[in-house]
Amino acid sequence: MQIRLTETVQKGGCAAKLPAGQLRKVLSGLKITNPKELLVGAETLDDACLWDLGNGELLVQTLDFFTPIVDDPKDFGRIAAANAISDVFAMGGEPKTALTILAFPSSKLDLEVLEPLMAGAIEKIVESGACLAGGHSIDDETLKLGFSVTGFVQKTKAWKNSGVRVGDALILTKALGTGTLTSAIKNKKAQPEWERAAIASMCQLNQVRPLLEEIEVHAATDITGFGLLGHALQMAEASQVAFRIESEKLPTLLGAEECLKEKILNRAHKTNLEYVEKGVSFGNVPEWKKWLLVDPQTSGGLLLSVSKKDAPEVVKRLQEKFHCATQIGEVTVFQGGRIRVLG
């Protein structure tokens, strides 16, 4: 009988991240020296670092890895690659090389699992325009897969999470809900159509730049393990602005509402809520939508900040490939609260 990958781990995907609040507190005392070439490092909690090559071009570098979030090895490979590459797209860059990070439990899984696992990953790497250039593997108790990805972007076209402007529109490219849905998959509570929709969303590359030629994106970030509110909070803090989010406009994956109403949650839902609660005020928002707002996404969408006048055209263009893309809020002046969620 084929082993279900999700049964080999306690936590899967980006929900396996260390709690954001605790991590930030522990690492806050570290003294990090940044050379002048490092234009974006760890200070603003951005998606990737930017290194100035001195020729008008920036190197974009990131890495990401996690434990299985779905049972099929090929789908897991696709999702792991799409998730890691997304950080380069979130900086406005073009990925070029990927290096594999692999921990494999050879005492629990047949090595033949590696073939579909890496085939799925290579499929997405090639689709992104990059190539697999090597990697490193170890024998470990738990399967983990990810990639270190390098890309490039013109200095004048780089996106950061710190460029948001007051009056901007906030646009989300993908629907929310992968955290609760993948917990439902692990616990055998997900309907087949819910699982298919979640996997399709996680496998989709966040390759939005070609759709937005000649439109200025002021800032961007990708929504992953800290949930929409966690990453939005980091974006608002980095830009010294406030966000107003309309909960009624949040795109939601098929089955996510049902799962959240049944309280199919994981630890990251609770730690994400703890992380954002001091900076977020909730209006008349149903409880399940509060959980949706902190739902730990794996290979989630991009959150883009664009001028209000460009927003309708941006949504129109994005919906050619990202059918759930929609404007979910706007940017306001900071007056003591970073994010206000409207019911």
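We did not get these values from a lab; they are worked out from the coordinates using the rules stated. Every value quoted in this text rests on a predicted model; they were computed, and no experiment measured them. Virtual Cβ from ideal backbone geometry, glycine too; neighbours counted across all protein chains shown.
Some observations on this one:
- Gyration tensor (Cα) of the range 169-342, equivalent ellipsoid semi-axes in angstrom: 25, 21, 12
- Charge dipole of the chain about the Cα centre (unit charges at C-beta), most positive-ward option of Tyr275, Gly151, Ile138: Tyr275
- DSSP bridge pairs, the range 169-342: antiparallel proportion in percent, nearest 5: 70
- Inverse mean reciprocal Cα-Cα distance (Kirkwood Rh) of the range 81-146, Å: 12.6
- In the elastic network of the chain, a GNM with C-alpha springs shorter than 10 Å, the most mobile of Lys270, Lys124, Lys31 is Lys31.
- Within the listed set Glu43, Glu195, Glu127, the residue fluctuating most in the Gaussian network model of the chain (springs between alpha-carbon atoms under 10 angstrom) is Glu43.
- Among Gly179, Gly93, Gly167, the largest mean-square fluctuation in a Gaussian network model of the chain, built with springs joining Cα atoms closer than 10 Å, belongs to Gly167.
- Dipole magnitude (debye, nearest 20) for the chain, charges at Cβ of Lys, Arg, Asp, Glu: 900
- Reciprocal of mean inverse Cα separation for the range 5-157 (Kirkwood radius, Å): 16.5
- Candidate cross-link partners of Lys289 among the lysines, defined by an alpha-carbon separation under 17 Å and a same-chain spacing of 8 or more, comprise Lys174, Lys249, Lys261, Lys263, Lys270.
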